[in-house]
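This report refers to the structure that appears directly beneath it.
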Amino acid sequence: MGHESGRVATDPAQLARDMVALYNQGNALSEAGLLEQAVAAYDQAVEKSGPSDDRLQANIVAYALFNKAIALRDLGRTEDEIATYDELLEHVGGSTDPIRLDQVAKALVNKGIALSKLDREQEEIDVYQQLIDGFSDSPLEQIQRQVARALVYQAVSVGHVRTYDDELQIYDRVLERYDGTSDPNIRVSIAMALIKKAIVLGWLGRDTEELGVYDDILRRYKGESDEELAEIVRAAEKLRADALFEQT
């Protein structure tokens, strides 16, 4: 969609340069902690955009809307953050441009997280499902990273509103889909799925299975240099020791 009201006609290349300057200004203001001013700069970049068939301008709008939503999140304006993700989704529409699709995938994950902050868990689950349904077959690794994250986050909320068995099934889906991947981000999602699975098994009193999953985590990730994986390993070691102590 275009955002043409109030703009002075100019050539597309110059318009794109002006939009990039405003987008970069928004980023600089955001990094400086001037979030309200950053939001205003992103809005100006979006308002300058011309017809939606200009790829560069359309991509800048997608970036500006996403970063605007992040600034709104950091301001604690969760409802406005969600509305901005919705504006981004509307802007991208049915585009197949990989840059815009990546922004959509990230926006859907972040929208789900924002909904969880408002305790709107069924909506959160549905947003993650929208991402999973729309992007599960994507060949783009950066989008699969978001699908993997969405599955893990969805599982947690499913456990809250449905059953732990439903939650466990989603963790298993993560393992079935992505086991063996070399992508560092997806490996973190797998590790997250495993440790959350072990915790739920413990809640269900399935102690032998719980310990088996902790052992699997240590076998897979002990000694890894990635800090997120190392943190999950440390947590698994502690939880495993606690579980053994409770069984004695």
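For Lys222, indicate whether it is exposed (fewer than 14 other Cβ atoms within 10 Å of the Cβ) and at pLDDT 95 or above.
So Lys222 fits the description; yes.
Could you check Ser138 against (1) surrounded by fewer than 18 Cβ atoms within 10 Å (Cβ to Cβ); (2) without any contact (Cβ under 8 Å) to a residue 24 or more places away in the chain and say which number it fails?
(2)
Of everything in segment 54-84 that's among the basic types (Lys, Arg), in a helix (DSSP H, G or I) and more than 14 Å from the chain's Cα centre (by Cα), which residue is surrounded by the fewest Cβ atoms within 10 Å (Cβ to Cβ)?
Arg55
May I ask you to verify whether Arg77 is charged (D, E, K, R) and in contact with a helix residue (DSSP H, G or I) (Cβ under 7 Å, 6 or more places away or on another chain)?
When the stated conditions are applied, Arg77 does not pass them.
Got at least one residue in segment 85-103 being among the small types (Gly, Ala, Ser), assigned to a helix (DSSP H, G or I) and either within 28 Å of Ala13 (Cβ to Cβ) or touching a Lys or Arg at 6+ places or on another chain (Cβ under 8 Å) (or both)?
No, every residue in segment 85-103 fails to be among the small types (Gly, Ala, Ser), assigned to a helix (DSSP H, G or I) and either within 28 Å of Ala13 (Cβ to Cβ) or touching a Lys or Arg at 6+ places or on another chain (Cβ under 8 Å) (or both).
Kindly evaluate Ser116 against the criterion of being among the hydroxyl-bearing types (Ser, Thr, Tyr), surrounded by fewer than 23 Cβ atoms within 10 Å (Cβ to Cβ), within 17 Å of the chain's Cα centre (by Cα) and part of a helix (DSSP H, G or I).
Yes; evaluated as a whole, the condition is true for this residue.
With the structure loaded, tell me whether Arg187 is surrounded by 15 or more Cβ atoms within 10 Å (Cβ to Cβ), out of contact with any helix residue (DSSP H, G or I) (no Cβ under 8 Å at 6 or more places or on another chain) and either of a type outside the set (A, V, I, L, M) or on the phi > 0 side of the Ramachandran plot (or both) or whether it fails that test.
Considered against the rule, which asks whether it is surrounded by 15 or more Cβ atoms within 10 Å (Cβ to Cβ), out of contact with any helix residue (DSSP H, G or I) (no Cβ under 8 Å at 6 or more places or on another chain) and either of a type outside the set (A, V, I, L, M) or on the phi > 0 side of the Ramachandran plot (or both), Arg187 comes out as no.
Considering every residue within segment 2-15, establish whether at least one is in contact with a helix residue (DSSP H, G or I) (Cβ under 8 Å, 6 or more places away or on another chain), assigned to a helix (DSSP H, G or I) and modelled with pLDDT under 95.
Yes, some residue in segment 2-15 is in contact with a helix residue (DSSP H, G or I) (Cβ under 8 Å, 6 or more places away or on another chain), assigned to a helix (DSSP H, G or I) and modelled with pLDDT under 95.
Regarding segment 230-246, can at least one residue be identified that is touching a helix residue (DSSP H, G or I) at 6+ places or on another chain (Cβ under 6 Å) and of a type in the set (Asp, Glu)?
Looking through segment 230-246, none of the residues is touching a helix residue (DSSP H, G or I) at 6+ places or on another chain (Cβ under 6 Å) and of a type in the set (Asp, Glu).
So Ile143 passes all but one of these: (1) of a type in the set (A, V, I, L, M, F, W, C); (2) surrounded by 14 or more Cβ atoms within 10 Å (Cβ to Cβ); (3) closer than 18 Å to Gln122 by Cα. Which condition number does it fail?
Against the list (1) of a type in the set (A, V, I, L, M, F, W, C); (2) surrounded by 14 or more Cβ atoms within 10 Å (Cβ to Cβ); (3) closer than 18 Å to Gln122 by Cα, Ile143 comes up short only on (3).
Is it the case that segment 94-101 has a residue that's on the phi < 0 side of the Ramachandran plot, β-branched (Val, Ile, Thr) and in contact (Cβ under 8 Å) with a residue 40 or more places away in the chain?
Checked segment 94-101: at least one residue is on the phi < 0 side of the Ramachandran plot, β-branched (Val, Ile, Thr) and in contact (Cβ under 8 Å) with a residue 40 or more places away in the chain.
All but one of (1) within 18 Å of Lys106 (Cβ to Cβ); (2) at pLDDT 95 or above hold for Ser95; state the number of the condition that does not hold.
Tallying (1) within 18 Å of Lys106 (Cβ to Cβ); (2) at pLDDT 95 or above, Ser95 fails exactly one: (2).
In this structure, does Ala41 turn out to be buried (at least 19 other Cβ atoms within 10 Å of the Cβ) and part of a helix (DSSP H, G or I)?
When the stated conditions are applied, Ala41 passes them.
Scan segment 163-181 for residues that are modelled with pLDDT of 95 or more and either closer than 11 Å to Ile125 by Cα or not charged (D, E, K, R) (or both) and jot them down.
Across segment 163-181, the qualifying residues are Thr163, Tyr164, Leu168, Gln169, Ile170, Tyr171, Val174, Leu175, Tyr178, Thr181.
Would you mind stating whether Val200 is surrounded by 13 or more Cβ atoms within 10 Å (Cβ to Cβ), of a type in the set (Val, Ile, Thr) and within 25 Å of Ser138 (Cα to Cα)?
For Val200, the condition - surrounded by 13 or more Cβ atoms within 10 Å (Cβ to Cβ), of a type in the set (Val, Ile, Thr) and within 25 Å of Ser138 (Cα to Cα) - is not met.
The values are calculated or read from the model by the stated rules, or taken from the named source; none is laboratory data. Nothing here was measured: the structure is a model prediction, and the numbers come from that model. Backbone-built Cβ (ideal geometry, glycine too); neighbour counts: all protein chains shown.
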